[in-house]
Structures are given as structure tokens and as C-alpha cells.
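The values are calculated or read from the model by the stated rules, or taken from the named source; none is laboratory data. Everything numeric in this text was worked out from a predicted model, so none of it was measured. Glycine gets a Cβ as well: all are built from the backbone with ideal geometry, and neighbour counts include every protein chain shown. Areas reflect the complete protein model, heavy atoms only, side chains present, ligands, DNA and RNA absent. Shrake-Rupley method; radii C 1.70, N 1.55, O 1.52, S 1.80 Å.
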Amino acid sequence: MKHRRAQISAFDFILASSVSVIILVLVAATFFLYERKINEFVLYNDLSTKTFQVSDVLIKSEGVPSNWNSTNVNIIGLASEDRVINVDKLNNFIDLSQQEIKDKMATNYDIYFNLTNITGKSIASIGNPPAGIRSVVIKRYVMYKNEEAIMEFGLWE
Amino acid sequence: MKKRSWNLVYGNKGFAFILDVFLAILLVILMLAASNIYIFKNTKDTSSNLQLSKTGSDIVTVLDNTKELDTLNKDSIEDSISSLIPENYGYRFNISWQKSGEQEMQSFEIGNIVPNDKFVATGKKFFLVTNTDETNITDYGSAKYWIWLK
């Protein structure tokens, strides 16, 4: 009975295995590198979206209830009309603690709020300027006591 | 001692499919490059563009709230815009209005030429011009803006 023998090209096998391993390592490294990058992007995007949304509510909405104060507020809004900051609501806002503000805004991020006039003189301020690993601070133009003002609002962690 | 030759079709010589290896590596590199480009393009920060858009909307609203738009005066409106808008922002405003009961539209423009090689935030706000005691509407106006980073 004739024996049949298979042929193994050893050099070819070693070369192919080496190339396969190198490619697998490249793919795995790329996967882990970009998974981290994408996660970071998602977290930053979430922070950015919340910052813009909350700033919109602050300067466009009267809040809920519309005559809210520090004891009955459900949603914080500082406006008496679109982009006009109400003096009493601003004072009520400053009276709230940072944790109360975070609870009402439904966020765990730290808050930075600073209202200044056009020349930069501070009118009201809450929280510290961002000093964490991730932050978004935006500027919105508003009216306060019939004068143009700038509201800086930021979330950070 | 002579090395024994295997009794096989090609003896004891193997062969490598170099072309196959090359094509396989090329395919993998192309796929990795495509995924890199895709991820790079889609993880760009867009908050600066959103800030531009919000700034434009805020400025037009503030001009409306201060009744500056009601003046329909080019120089006065231009001075107000210049005092508000950040220095690193380019802008163009188009103020158009139509007197109540008339068909003719009037307009003027303020600012620089809108670039076409970068992101430009744009928007439009409609406003009413009333008489002094706000009992009659005298003009129907619109303010369109374009804002970009210089």
C-alpha cells in the first residue's frame, strides 16, 4: 500500500504565521486606542450638550414655577423674557447651594456661573472656575437691569 | 553525508505566496487607515461651532430687547454690534424692513464678506417696530446674521 505524504512548506507557514500575528497585534492595538478615544469623545460630547442645554434654559426660561424661589423651585430659569435676566430670580439662584443647583439641573458635574457686565465687572458668581480633567464653559449675551451683560456658564469634572 | 531529499512533488523546497501576503497586508492596512480617518473626522470638537451659533442668536436678541433694531439706523446698529461681538469673530448682518401697508422692502448690510472656506453660523430673527406708545406697528423687520471665527 503506497503511503501518501502531505507536504508542509515550513518557511511559508512561519512567514504566514508571523504576518498574521503582526496584523492581529496591529488591529488589537488600534481597537484599544480608538475605544479609549471614542469613550473620551462621548463623555466630552455629553458634557458639552448639557452645558448648552442648561444655559439655554437659564436665559430663556422663567423656570418652574414661574415665580419660583429657593424653597419651591422645580426647574431653574432666570429669565423674565427671552435673554432678559430677572433680578429676583438671580438672587434666588445665588441663595441656592451648589448641591441644590446640581439636583435641580439633574447633573453630577460641578457648576460654574458668572454674570458680568460688558466691561467685565462681576455681578454675580457661583462655583469655582473649572479645574478638572474635563470642562466646557460658554458665554451667553443677555440683558440685566436694562444693560447688556455676559453670562458665563460651565460644567466640569 | 548527503541530505536526504523528500520524495515529494517539489522535493524538500517550500514556497511562499509572497503576492498573497502582500495583498493581505495591503487590505488590512487600508482598512485600518479608513477606520482611522473615519474616527478622526467624527470625533472633532463641534462645541466651538455651537458657541458661534448661540452668540449670533444672543446678539440679535439683545439688539431687539434694547430696541436698537427699531432704530433701523445702520451706524447705530453697527456700533452696538461692535461693542458686543468678540474680536476674534467675523460677522455680517443684513437688516431688512417693510413699512406697514407698503410692499417696498428696504435693507442695509453691516460687516465683512462671508467666507466660504470655514464654518459660518447663520440665523434670522423677525422683529416689529412700533410707534412710541407701542399702539401701532410701523415696520416689519428681519435681521439675518452670519458669524464665523476669524
Here the residues within the stretch B:58-75 that are open to solvent by 40 Å² or more (accessible area, probe 1.4 Å) and more than 11 Å from chain A (Cβ to nearest Cβ) are B:T71, B:N73, B:K74, B:D75
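Okay, residues lined up against (1) more than 23 Å from the chain's Cα centre (by Cα); (2) within 14 Å of chain B (Cβ to nearest Cβ); (3) assigned to a loop (DSSP other than H, G, I, E, B):
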{"residue": "A:L58", "(1), (2), (3)": "no, yes, no"}
{"residue": "A:V73", "(1), (2), (3)": "yes, no, yes"}
{"residue": "A:K89", "(1), (2), (3)": "yes, no, no"}
{"residue": "A:N92", "(1), (2), (3)": "yes, no, no"}
{"residue": "A:A106", "(1), (2), (3)": "no, no, yes"}
{"residue": "A:N114", "(1), (2), (3)": "no, no, no"}
When (1) free of Cβ contacts under 8 Å to residues at least 24 places away in the same chain; (2) more than 14 Å from chain B (Cβ to nearest Cβ); (3) more than 28 Å from B:T46 (Cα to Cα) are applied to A:S80, the one that fails is (2)
Across (1) under 22 Å from A:V137 (Cα atoms); (2) part of a helix (DSSP H, G or I), A:E35 clears everything bar (1)
Flagged in the stretch A:12-49 as surrounded by fewer than 12 Cβ atoms within 10 Å (Cβ to Cβ) and more than 17 Å from B:S35 (Cα to Cα), in numbering order, are A:S17, A:S18, A:V21, A:V42
Restricting the stretch B:99-120 to residues that are open to solvent by less than 50 Å² (accessible area, probe 1.4 Å) and part of a strand (DSSP E or B), the one farthest from B:N49 (Cα to Cα) turns out to be B:F108
